Amino acid sequence: MNITFRQVDAFRTVVSTGTVTEAAAMLGISQPAVSRLISDFEDEVGFQLFQRAGRVLVPTDEARLLVQEVRQAVSGMEHIKDSAAAIGKFGHARLNLVITPGVSSQLAPDLIGKFAVKCPHAMARMEIAPNDDAVEWMVSQNYDFGITTTEPANPSFESLVIKDSDVCCVVPTGHALAGKALVQARDLAGENFISYMLSSRFRFEIDQFFAAKGIMRHMQYETRTTDSVCRLVSRGLGVSVVGASLDYLRTIPGCVALPFAAPLNFRAVLFWSKNKTISAVGRNFLDIVQSELSHD
């Protein structure tokens, strides 16, 4: 049996329209060509497909059974064509990122926004893991990239520092420190202090800094993300030291961001596994990150 797609398409179209004339118009071919395709198809399947009733072609019982299979097959072909087009536009591609809470508020969403412009049909998934160790494990399994606050020690990872900036002090609007040009560590002695979770390496560095200076803070609140730290500050629950740009922090209502005098910096590191091939969509994301760094 030598059935062609053109025969099948002609058969399906004639069943739908009921006439060779309309089928020819839909297929963009001549009426004799449609009739020939139907005749050839009947020869191949071995039974009559249509009976004429005036100007209308009525499918036989056998044709009605066959057309169901044909429609499924054609639908499958259409799906293949759509899938191929989508893959060409990264429509079926997925970028999987896993990040620590400290970079979830601003940096990662900004990068995904730029990625969306370059690959508008691709999907992006951003998972937040509780600490750097969890991020490294997830990247070693099936995530494309991780973003943490320290460079991974594991030699099986490639890494790229994508942010390295000073830390800031955040206080509520109207706080006694809100008018200072530069906040010193001693200024926060005895203050209610909103911290990152103990699992955060950035939290560890901040605590070590204050401990070395013998400065006691009132440690009352803990949370995971920079955004949630600032939201608690804006409610007047305390002050904090965070890793984010002054421009971003100053967009949060009720929160005043100030330079903080400390030998601390906030780093964000992008890393990926050497043991996995970077996908096309992953390469696009990495190109975006590298382009951003070249313009800084």
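The values are calculated or read from the model by the stated rules, or taken from the named source; none is laboratory data. Note that the structure is a prediction, hence the values are computed from the model and not measured. FYI the Cβ positions are ideal-geometry reconstructions off the backbone, even for glycines, and counts take in every protein chain you see.
In table form, for the structure just shown:
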quantity	calculated
Answer residue from the stretch 136-179, given it is of a type in the set (Val, Ile, Thr) and modelled with pLDDT under 85 and is nearest to Val241 (Cα to Cα) among those	Thr149
Hits in the stretch 137-150 - residues which are surrounded by fewer than 21 Cβ atoms within 10 Å (Cβ to Cβ) and not in a loop (DSSP other than H, G, I, E, B)	Trp137, Met138, Ser140, Gln141
Unique residue being assigned by TED's automatic domain parsing to the domain that holds Phe209, under 21 Å from Val161 (Cβ atoms) and outside any strand (DSSP E or B) when the list is Asp247, Asp227	Asp247
Matching option when the condition is assigned to a helix (DSSP H, G or I), modelled with pLDDT of 80 or more and not β-branched (Val, Ile, Thr), among Gly102, Gly113	Gly113
Filter pass, Phe157 being farther than 25 Å from Met126 by Cα, surrounded by fewer than 21 Cβ atoms within 10 Å (Cβ to Cβ), of a type in the set (A, V, I, L, M, F, W, C) and touching a residue at least 40 places away in the same chain (Cβ under 8 Å)	no
Number of the condition not met by Val67 [criteria: (1) over 18 Å from Arg6 (Cα atoms); (2) under 49 Å from the mean Cα position of the chain (by Cα)]	(1)
Options Ser240, Ser234: the member that is buried (at least 18 other Cβ atoms within 10 Å of the Cβ), of a type outside the set (A, V, I, L, M, F, W, C), at pLDDT 85 or above and out of contact with any His (no Cβ under 9 Å at 6 or more places or on another chain)	Ser240
Count - residues of the stretch 24-41 that are in a helix (DSSP H, G or I), over 11 Å from Ile3 (Cβ atoms) and more than 48 Å from the chain's Cα centre (by Cα)	7
Selection status of Ser200, surrounded by 17 or more Cβ atoms within 10 Å (Cβ to Cβ) and under 30 Å from Trp272 (Cα atoms)	yes
Residues that are outside any helix (DSSP H, G or I) and either modelled with pLDDT of 85 or more or within 10 Å of Val15 (Cβ to Cβ) (or both), drawn from the stretch 54-89	Val56, Leu57, Val58, Pro59, Thr60
Residue selected from the stretch 255-296 under the condition part of a helix (DSSP H, G or I) and hydroxyl-bearing (Ser, Thr, Tyr), by the criterion surrounded by the fewest Cβ atoms within 10 Å (Cβ to Cβ)	Ser294
Test: Val269 is under 22 Å from Asp110 (Cβ atoms), touching a strand residue (DSSP E or B) at 6+ places or on another chain (Cβ under 6 Å) and not basic (Lys, Arg)	yes
Restricting the stretch 126-136 to residues that are among the charged types (D, E, K, R) and in a helix (DSSP H, G or I), the residue that is surrounded by the fewest Cβ atoms within 10 Å (Cβ to Cβ)	Asp133
